[in-house]
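Read through the structure below, which is laid out as structure tokens, and then see the notes.
The values are calculated or read from the model by the stated rules, or taken from the named source; none is laboratory data. Computed from a predicted structure; not experimentally measured. Quick reminder, even Gly has a Cβ in these numbers, built from the backbone with ideal geometry, and neighbours come from all protein chains shown.
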Amino acid sequence: MSFQLTPGAEGLRTRLFHIIFESDTPGAKAFDIALIIAILMSVAVILLDSVDSYSERYGHIFLYVEWVFTLLFTIELAVRIYCLERPFLYLKSFYGIVDLLAILPTWLVLLVPGAHGLVIVRILRVLRIFRILRLMEFVGEAHLLISALKRSLRQILLFFSSIMMVVMLFAALMYTIESPEAGFTSIPMSMYWAIVSMTTVGYGDIVPATSVGKTITVILMLLGYSIIAVPTGVFSAQVIRSIREDRYSEEACPGCGHDHHEKRARYCLRCGTWLDEETEDPRKKSAKTGEDDESLKQ
């Protein structure tokens with residue numbers, strides 16, 4: 001979350017806040033584990049209920065169990081809102097929206113038939129398991145990948161635009177050459193064949209029958225092998241760039257002006273100058289201490 005949630009007041013609301021929104025106490029960990037188990041069980045009920053044989057035999061049981069989970073999650077959301085000082089901030093956040101989506105579909109069943117299947121969105125709440133597993137140390141790496149993806153977005157979009165032009169060109173060509181009996185009934189269907197061939201998946205549901213079509217297929221497959229590494233290379237280059245920027249600082253050395261130091265570096269790699277201008281060089285402190293000791297001895 002990009003904002004800081006705070007408890008509503010001292011007392012019960014604060015204690016509930018620490019249990020629900022934190023994970024550094026036994027009570028908070030137990031709450032998170034119980035919540036995740038309930039989420040997984042409720043999703044399992046929805047999945048089983050979608051199977052006709054199970055739904056015919058145990059549909060009434062699934063309905064009762066789902067309503068129990070919905071009531072529990074509704075109470076949990078109400079408690080979350082109760083213990084927050086500014087509950088609307090949470091309701092507008094990602095997890096707040098997911099919490100609402102996790103209970104609304106079941107309540108909507110009373111008004112809108114067919115809304116029951118939307119309850120599967122509840123699986124998103126299992127993302128809270130990262131709090132228990134203490135995976136916050138990987139948040140920096142996640143931000144690094146997101147940053148690299150944003151930087152390479154234009155190149156990747158340009159690449160996919162070029163790929164789509166190639167796909168449409170080959171699809172139109174094959175639609176002209178091959179017969180509808182071979183599966184090339186339209187240009188969109190031919191585009192499906194071109195994408196399958198270019199990615200070298202080869203489902204085999206649409207296969208060219210003519211020699212010219214087979215030759216074009218071979219060319220498209222070889223072309224797919226040659227270009228499949230392009231987005232990977234672009235993204236990898238941006239990841240390396242992000243790693244370098246995350247590791248190195250652009251602040252120049254006050255002594256020699258060198259500006260490529262690790263962020264944890266204390267002294268300049270070239271001239272040995274103390275880099276933190278806001279604090280005093282420890283070596284100067286040691287020198288002063290030594291001079292003071294010498295003067296006291298004399």
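For this structure, a couple of remarks:
- Members of the range 62-113 found to be part of a loop (DSSP other than H, G, I, E, B), farther than 16 Å from residue 6 by Cβ and out of contact with any helix residue (DSSP H, G or I) (no Cβ under 7 Å at 6 or more places or on another chain), listed by number: 110, 111, 112, 113
- Top-ranked residue of the range 147-169 - restricted to ones that are over 19 Å from residue 221 (Cβ atoms) and polar (S, T, N, Q), ranked as surrounded by the fewest Cβ atoms within 10 Å (Cβ to Cβ): 161
- For the range 71-99, the set of residues classified as modelled with pLDDT of 80 or more, under 21 Å from the mean Cα position of the chain (by Cα) and surrounded by 13 or more Cβ atoms within 10 Å (Cβ to Cβ) consists of 90, 91, 93, 96, 97, 99, listed by residue number.
Matching residues to (1) farther than 16 Å from residue 77 by Cα; (2) surrounded by 15 or more Cβ atoms within 10 Å (Cβ to Cβ); (3) of a type in the set (Asp, Glu); (4) under 22 Å from the mean Cα position of the chain (by Cα):
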{"residue": "13", "(1), (2), (3), (4)": "no, yes, no, no"}
{"residue": "21", "(1), (2), (3), (4)": "no, yes, no, yes"}
{"residue": "28", "(1), (2), (3), (4)": "no, yes, no, no"}
{"residue": "41", "(1), (2), (3), (4)": "yes, no, no, no"}
{"residue": "58", "(1), (2), (3), (4)": "yes, yes, no, no"}
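- The residues of the range 13-48 that are free of Cβ contacts under 8 Å to residues at least 40 places away in the same chain, farther than 21 Å from residue 98 by Cβ and part of a helix (DSSP H, G or I), listed by number, are 15, 18, 26, 27, 30, 48.
- Residues satisfying the stated conditions in the range 147-170, i.e. touching a residue at least 60 places away in the same chain (Cβ under 8 Å) and under 17 Å from the mean Cα position of the chain (by Cα): 147, 148, 149, 151, 152
- Considering the range 170-247, the qualifying helices (runs of 4 or more DSSP H), each wholly inside and each with 2 or more residues that are surrounded by fewer than 12 Cβ atoms within 10 Å (Cβ to Cβ), run over 211-227, 230-247.
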